[in-house]
Amino acid sequence: MSVAFTREEDLEATAADLPDRPVSAHPNLVTPDGLAMIEAELASARTAYAAAQAKGDIEADRTAMARATRDLRYWSARRGNAQLVETAPDGAVRFGGSVTIEREDGRTQTWRITGEDEADPAKGSVSHVSPLARALMGKRVGDSAVVAGQDVEITAVD
């Protein structure tokens, strides 16, 4: 059958076949920065979706429509179940705070414990559900923990 005889709704349905981004089963805890990031991503997804619809030629760029649709669903879900957590420093490792550890080999590392969507280990932040964060939560300066099979000591908590 010629593409000329294909209904536009069918093309739109085909474009939406891109698999959804998986949504974590963990509580969607977010810092104020994380909530702002989710809202910015949601706005960006809405803009991309509107732009893909405005082009009107879904067949020509089905991938853009599929991505926009998928991202809009994902960020809408993440915004819908976001739980803003604002904590004050209390001397213990906590969500939204930073912790500095010293490894057995003398290396020190500082990590900020954040929500899953804002975690970026390359920039020094890890998700609250990561093994590292789980091993350190609730600990205080001077406490030790086992991280990746190695003993670490907590040297600072902010």
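The values are calculated or read from the model by the stated rules, or taken from the named source; none is laboratory data. These figures come from a predicted structure and were not determined experimentally. Cβ atoms come from the backbone with ideal geometry, glycine included; neighbour counts cover every protein chain shown. For the accessible areas, the whole protein counts, side chains as well, though only heavy atoms, and no ligand, DNA or RNA atoms are used. Shrake-Rupley method; radii C 1.70, N 1.55, O 1.52, S 1.80 Å.
Structure values in brief
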{"read-out": "Residues of segment 101-119 classified as among the charged types (D, E, K, R) and part of a loop (DSSP other than H, G, I, E, B), total", "value": "6"}
{"read-out": "Qualifying positions in segment 60-100 - β-branched (Val, Ile, Thr) and part of a loop (DSSP other than H, G, I, E, B)", "value": "Val85, Thr87, Val93"}
{"read-out": "Of residues in segment 132-149 being among the aliphatic types (A, V, I, L, M) and touching a strand residue (DSSP E or B) at 6+ places or on another chain (Cβ under 6 Å), the one surrounded by the most Cβ atoms within 10 Å (Cβ to Cβ)", "value": "Leu136"}
{"read-out": "Odd one out for Arg94, checked against (1) in contact with a Leu (Cβ under 6 Å, 6 or more places away or on another chain); (2) under 30 Å from Ala40 (Cβ atoms)", "value": "(1)"}
{"read-out": "One residue from Val152, Val129 being open to solvent by less than 50 Å² (accessible area, probe 1.4 Å) and out of contact with any strand residue (DSSP E or B) (no Cβ under 8 Å at 6 or more places or on another chain)", "value": "Val129"}
{"read-out": "Single condition Asp10 does not satisfy, out of (1) open to solvent by 60 Å² or more (accessible area, probe 1.4 Å); (2) in a helix (DSSP H, G or I); (3) at pLDDT 95 or above", "value": "(3)"}
